[in-house]
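What follows draws every value from the coordinates through simple rules; no lab data is involved. These numbers were taken from a predicted model, which means no experiment stands behind them. All Cβ positions, glycine included, derive from the backbone under ideal geometry; neighbour counts span all protein chains shown.
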4 protein chains.
Amino acid sequence: MPTFEPQTPDYVARVRASFDAQPLMRTLGAMLTTVEPGVVHIELPFSAALTQQHGYVHAGAITSIVDSACGYAAFSLMPAGAEVLTVEFKVNLLNPARGERFVAVGRVIKPGRTLTVCQGEVTALAGKERRTVALMQATMMQVGASNRA
Amino acid sequence: MPTFEPQTPDYVARVRASFDAQPLMRTLGAMLTTVEPGVVHIELPFSAALTQQHGYVHAGAITSIVDSACGYAAFSLMPAGAEVLTVEFKVNLLNPARGERFVAVGRVIKPGRTLTVCQGEVTALAGKERRTVALMQATMMQVGASNRA
Amino acid sequence: MPTFEPQTPDYVARVRASFDAQPLMRTLGAMLTTVEPGVVHIELPFSAALTQQHGYVHAGAITSIVDSACGYAAFSLMPAGAEVLTVEFKVNLLNPARGERFVAVGRVIKPGRTLTVCQGEVTALAGKERRTVALMQATMMQVGASNRA
Amino acid sequence: MPTFEPQTPDYVARVRASFDAQPLMRTLGAMLTTVEPGVVHIELPFSAALTQQHGYVHAGAITSIVDSACGYAAFSLMPAGAEVLTVEFKVNLLNPARGERFVAVGRVIKPGRTLTVCQGEVTALAGKERRTVALMQATMMQVGASNRA
């Protein structure tokens, strides 16, 4: 795994402040659990309110947490004053999202001045079992600071 | 646009019953507004509970409605006893999801016995303005009935 | 379909000159057949040299022409001095690439100062039959001119 | 990285025979260099015949080798009598494809009776430098044997 240097000493605080300003994360019940340079974990406890017709968590809720995890992984490496936007993502759903909780991990693969490419993964946890439920490949964009969209 | 023949006379009722069994759609406030053979519309009124850090609707909520629209577009053409699963999707976010309401349209491009390919689009409506906010290209899978995953 | 205004009067010549400077297109035998503002067609005659193990044209050759068609569709709307790069694309393969020739159409859906989103489609032609073989959703980037990557 | 058991003792021979039956790989000059259960490497020497307008290898040629690498990674785990088809893929281009040779690695992330999800990566080698040029996330399908498309 590549490792990266943050451009600001307060990158953890900046990520936390932005995450706390995402009402959808509260609506879903998601929590920000890890912030490292270029790596962010978001955890989502199972809730029946988030399910689809078979009782599993809906792909849209799973995508929401891994999109935010990838976006904040990118944001953790951006300069002061920058904002992050999702340009696009692709998600493969590998297994039904069945479990007690779901951990989305977003990782920067290649940071850039304008575009940052990330990979994300969501794991379902049920007792001692762990199962990958989704894989994401995403492009994030830096706006503000030195660049403009 | 290609047009398709449903395989069951009660395809509208089957889609509605399955949509009503998706608690996430209720949690988001989404409504099923159109069901035609291979075409489904889902509408989402703006709610501050669904936003991200800039006050726009989060890409995850937008993805949730267009994933369901594409999935049900595919499901509308499937035989009795079949279930639909999302295999994968790719979403481009074209404009900030700002508006009074959002209409996701899912369309079947190529139905298949196992896999169905769909395109989706989400439009933001604000007064008389309409703006495309997201494009989806997705693969759906038929399970149950004659096939097994 | 949205229509667009080119930013330069010589957009056709600029696209043709760049296409002619892509040796891979010659290696594959591909021809640029239509250039309109935001829309480009590239045609590829069948050749056994381009096939995969079942005798159909390889997905990589099909992707090559639709990537170039989308890239040049984006480029046709860019200012003088700009260059175009492919950021990413997603391709669904709908039918085996069997036919006498293949027409890739790339269309701009949303042009932007930095990023342009395109959709592409490849159709196989065999006698009077036409069959869609691939769908692309792609992000292109303008570099040079007023922006820098 | 997960590891997998092949279902047939002759999986290497089956992959090699199928690769040798892909004329496009010969046309591009690509070679199959590694076949392990669920992992395949394909190498492509630089050739001016494969370039785009800036002198780098065209994204279509890069996609061709990583699509074949992912497809054969999936195929290496399939039963006797099966064939593999690419359902879809998504490619991010991270750096210009500049180098003396390019190594595409395809890896199975989740094998399945019908669908297999893979990740791929293409690295450019120039002297002692190595640089990732492309990332793929792909869905492959087993046809023939116990399943039918």
Fill in: Relative contact order of the stretch C:1-78, defined on C-alpha pairs under 8 angstrom at six or more residues apart (%)
38
Worksheet entry | Amide H within-cut-off set for D:ARG113, under 5 Å, with H built and near neighbours excluded | none
Worksheet item: What distance in nm separates the simple spin-label points at C:GLU100 and C:GLU36, each placed 7 Å from Cα in the Cβ direction?
Response: 2.4
Item to complete: Enumerate the calculated ³J(HN,Hα) couplings along the stretch C:138-144 in order (Karplus 6.51 cos²θ - 1.76 cosθ + 1.60, θ = phi - 60°), each rounded to whole Hz, writing x wherever the residue is Gly or Pro.
Response: 9, 10, 10, 10, 8, 10, x
Fill in: Long-range amide H partners of C:THR51 with built H, under 5 Å
C:HIS58, D:LEU24
Item to complete: Quick one: with label points 7 Å out along Cα→Cβ, list the inter-copy distances for B:GLU83 in nm, shortest first?
Response: 3.1, 4.1, 5.1
Discussion item. Place a point 7 Å from Cα of A:THR3 in the direction of its Cβ. Which residues in the stretch D:1-17 have their backbone N less than 20 Å from it?
Written reply: D:1
Discussion item. Show me, bin by bin at 10 Å from 0, the whole-percent P(r) of the stretch A:23-113 based on Cα pairs.
Written reply: 16, 47, 28, 8, 0
Worksheet, complete the sentence: If one compares the long axis through the Cα atoms of helix A:11-20 with the longest principal axis of the Cα atoms of chain A, the angle in degrees, nearest 10, works out at 50
Item to complete: Place the label 7 angstrom along Cα→C-beta at A:VAL143 and in each other copy, then list the distances from the first to the rest in nm, shortest first.
Response: 2.3, 3.7, 4.2
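Counting alpha carbon pairs within less than 8 Å and at least 6 residues apart, what relative contact order, in whole percent, applies to chain C? All intermediate terms of the calculation are to be shown ahead of the outcome.
On the way: 355 pairs, mean separation 35.1, N = 149.
Relative contact order, chain C: 24 percent.
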Worksheet item: Which of these, B:PRO23, B:PRO45, B:PRO37, has the largest mean-square fluctuation under a Gaussian network model of chain B (Cα springs below 10 Å)?
Response: B:PRO23
Worksheet item: Between copies, how far does the label point of A:ARG26 sit from its twins, in nm, shortest first, when each point is 7 Å from Cα along Cα→Cβ?
Response: 2.3, 6.3, 6.5
Worksheet item: Counting only residues 5 or more places away or on other chains, whose amide H sits under 5 Å from the amide H of A:SER76 once H atoms are built in the peptide plane?
Response: A:GLY38
Item to complete: Distance check, please: which entries in A:LYS90/A:LYS128; B:LYS90/B:LYS110; D:LYS90/D:LYS128 exceed 27 angstrom between their Cα atoms?
Response: A:LYS90/A:LYS128; D:LYS90/D:LYS128
Practice prompt. Work out, in µm²/s and without decimals, the Stokes-Einstein translational diffusion coefficient of the stretch C:1-53 at 25 °C, 0.890 mPa s, Rh from Kirkwood over C-alpha pairs.
Written response: 192
Practice prompt. For the protein assembly as shown, state what percent of all Cα-Cα pairs lands in each successive 10 Å bin, counting from 0 Å until the bin that includes the largest distance.
Written response: 4, 18, 29, 29, 17, 4, 0
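Return the loop-located chymotrypsin sites (Phe, Trp or Tyr not before Pro) in the stretch D:12-56 (DSSP other than H, G, I, E, B) with at most 13 other Cβ atoms within 10 Å of their own Cβ; answer none if there are none. Spell out each step's value before the answer.
On the way: sites: D:PHE19, D:PHE46, D:TYR56; in loops: D:PHE46, D:TYR56.
Within the stretch D:12-56, no chymotrypsin sites (Phe, Trp or Tyr not before Pro) qualify (loop, at most 13 other Cβ atoms within 10 Å).
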Item to complete: Read phi for every residue in the stretch C:102-115 and hand back ³J(HN,Hα) as whole Hz from Karplus 6.51 cos²θ - 1.76 cosθ + 1.60, θ = phi - 60°, with x for Gly and Pro.
Response: 10, 10, 9, 10, x, 9, 6, 9, 9, x, x, 5, 9, 10
Item to complete: Sort out for me the Cα centre separation of the stretch D:1-35 from the stretch A:55-80, rounded to whole Å.
Response: 35
Response to the item:
From the Cα centre of the stretch B:100-141 to that of the stretch A:95-133, the distance in Å is 25
Practice prompt. Give a residue-ordered list of calculated ³J(HN,Hα) values for the stretch D:30-44 (Karplus: 6.51 cos²θ - 1.76 cosθ + 1.60, θ = phi - 60°; whole Hz; x for Gly, Pro).
Written response: 7, 10, 7, 10, 9, 9, 10, x, x, 9, 9, 10, 10, 10, 10
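Which value, in debye to the nearest 20, gives the size of the charge dipole of the stretch C:94-145 about its Cα centre, when Lys and Arg are +1 and Asp and Glu are -1 at the Cβ?
Numbers: 8 positive and 3 negative charges, 19 e Å.
Result for the stretch C:94-145 is approximately 80 debye, rounded to the nearest 20.
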Practice prompt. Pick out which of B:GLU129, B:GLU121, B:GLU83 has the largest mean-square fluctuation in a Gaussian network model of chain B, springs linking Cα atoms closer than 10 Å.
Written response: B:GLU129
